[in-house]
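Before any comments, here is the structure.
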Amino acid sequence: MPISRMNHAVLYVRDAERTAAFYTDVLGFTRLDMGGLKGAAFMRAPGSTNDHDLGLFTIGAEVGDSTAGRTTVGLYHLAWEVDTLDELERLGQALSERGALVGASDHGTTKALYAHDPDGLEFELSWLVPAALIDDAALAAKSSVRPLDITKEKERYGATTRGGVGVSVPA
């Protein structure tokens, strides 16, 4: 049987309460009661039906920053999909207000924002072009990364058009 999707991610953070507050306040995650495990927080993303999408475990304020990708191997980032370009823009504004937004890229068939959580761990929020709307220009742009012009993308695809799921594949 093939793997069909990722169910959840678990992160070691300096302070699970602080990080849980960030994911709740900025991205709308819900804090779950998972039996009161001390120093841990379990979160569900808006619209998710998973038991939990994110587990956070406190390891203390004195620990160093992640060096993954710079001097050690490790995870680069997690990515979550959003339903519409309006939602991507709204979350981009919220992340920017918190000083957490670090990038916005157009990958042709994917429109993405990149941000850091309170411990500097990177995550991505993305809107996928629905398969029925993928054209030659979107496919050609897939081989390069350009700055995201969300206003232009909303004009092209519609602000409230529901994005594709997983990887959008042209019909």
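Here is how the numbers come out for the structure above:
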| item | result |
| --- | --- |
| Residues located in segment 10-38, provided they are of a type in the set (Gly, Ala, Ser), modelled with pLDDT of 95 or more and surrounded by fewer than 19 Cβ atoms within 10 Å (Cβ to Cβ) | ALA21, GLY28 |
| Single match in ALA138, ALA79 (criterion: surrounded by fewer than 19 Cβ atoms within 10 Å (Cβ to Cβ) and either more than 30 Å from LEU11 (Cα to Cα) or out of contact with any Gly (no Cβ under 7 Å at 6 or more places or on another chain) (or both)) | ALA79 |
| Lone unmet requirement of (1) under 15 Å from the mean Cα position of the chain (by Cα); (2) surrounded by 13 or more Cβ atoms within 10 Å (Cβ to Cβ) for PHE57 | (1) |
| Test result for GLU124, surrounded by fewer than 19 Cβ atoms within 10 Å (Cβ to Cβ), outside the structural domain of LEU11 (by TED's automatic domain parsing), more than 13 Å from the chain's Cα centre (by Cα) and at pLDDT 95 or above | no |
| Lone unmet requirement of (1) in contact with a helix residue (DSSP H, G or I) (Cβ under 9 Å, 6 or more places away or on another chain); (2) buried (at least 18 other Cβ atoms within 10 Å of the Cβ); (3) closer than 24 Å to LYS154 by Cα for THR110 | (1) |
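The values are calculated or read from the model by the stated rules, or taken from the named source; none is laboratory data. Keep in mind the model is a prediction, meaning the values are calculated, not measured. Here the Cβ is made from the backbone with ideal geometry for all residues, glycine too, and neighbour counts use every protein chain on show.
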